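Here the structure is laid out as structure tokens; the discussion comes afterwards.
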Amino acid sequence: EPEVTQTPSHQVTQMGQEVILRCVPISNHLYFYWYRQILGQKVEFLVSFYNNEISEKSEIFDDQFSVERPDGSNFTLKIRSTKLEDSAMYFCASSRGQRFSSETQYFGPGTRLLVL
Amino acid sequence: DAKTTQPNSMESNEEEPVHLPCNHSTISGTDYIHWYRQLPSQGPEYVIHGLTSNVNNRMASLAIAEDRKSSTLILHRATLRDAAVYYCILRDLRTRSQGNLIFGKGTKLSVKP
């Protein structure tokens, strides 16, 4: 069964450093998402991406964040200058792209980011 | 998306049925009811969804009240692997974009051997 994959599984970085989290969505999916989950808290939406542009973003997704689909398979989340409060589990998700709210999103296993 | 209310936690015994309730009294006629779950240290996982009629799949059943103000996720025989946080999420049929999933706190299900 196809699945969303994410690398790395864990990342430790120093405050102020740039990090890039990588995702490979399911191959025939057209919509891609990033969510995050701070330890012990709810899963929060960050951004959705379709047709090489951002379709929606939350208040969390400020100028420090960017997303890119550099090739036909990868989807990346970049944090330009990490803060302590960026420490969280980051989940990538994808969906086929039908314009119905019955659409299922498929999540990756996550990248645990720790900012020191 | 309309708001949902779920119990914080529930317990079940292994191999017994589990009924996980969700209240959504402000649901609109165009809201789909989705259930996702999150196993420990994993990403959320789709379970089931429905609009008006009860739904069954290989993972679970979804029973939707006639007035649609509540629904129940039914796991017919809980296994230890079903221990997870279960999220009930409403998605508006009229959503033009793919939109995001709005996760609440969900119900933490514990399964005892």
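The values are calculated or read from the model by the stated rules, or taken from the named source; none is laboratory data. Quick caveat: nothing in here was measured; it's all calculated off a predicted structure. Every residue, glycine among them, receives a Cβ derived from its backbone with ideal geometry; neighbour counts consider all protein chains shown. The protein model used for the area step is the full one, side chains on, heavy atoms only, and it has no ligands, DNA or RNA in it. Shrake-Rupley method; radii C 1.70, N 1.55, O 1.52, S 1.80 Å.
Worth pointing out:
- Check on A:Ser55, more than 21 Å from B:Cys88 (Cα to Cα) and within 14 Å of chain B (Cβ to nearest Cβ): yes
- Qualifying positions in segment B:41-52 - in contact with a strand residue (DSSP E or B) (Cβ under 7 Å, 6 or more places away or on another chain) and either open to solvent by 40 Å² or more (accessible area, probe 1.4 Å) or more than 14 Å from chain A (Cβ to nearest Cβ) (or both): B:Glu45, B:Tyr46, B:His49, B:Leu51, B:Thr52
- B:Ser28 falls short on exactly one of the conditions (1) exposed (fewer than 12 other Cβ atoms within 10 Å of the Cβ); (2) in a loop (DSSP other than H, G, I, E, B), and that condition is (1).
- Subset of segment B:68-86 [over 11 Å from B:Pro17 (Cβ atoms) and in a loop (DSSP other than H, G, I, E, B)]: B:Arg68, B:Lys69, B:Thr79, B:Ala83
- Test: residue in segment B:4-18 that is β-branched (Val, Ile, Thr) and assigned to a strand (DSSP E or B): yes
- From the list A:Gly40, A:Gly16, the lone residue that is of a type outside the set (Val, Ile, Thr) and under 25 Å from B:Tyr36 (Cβ atoms) is A:Gly40.
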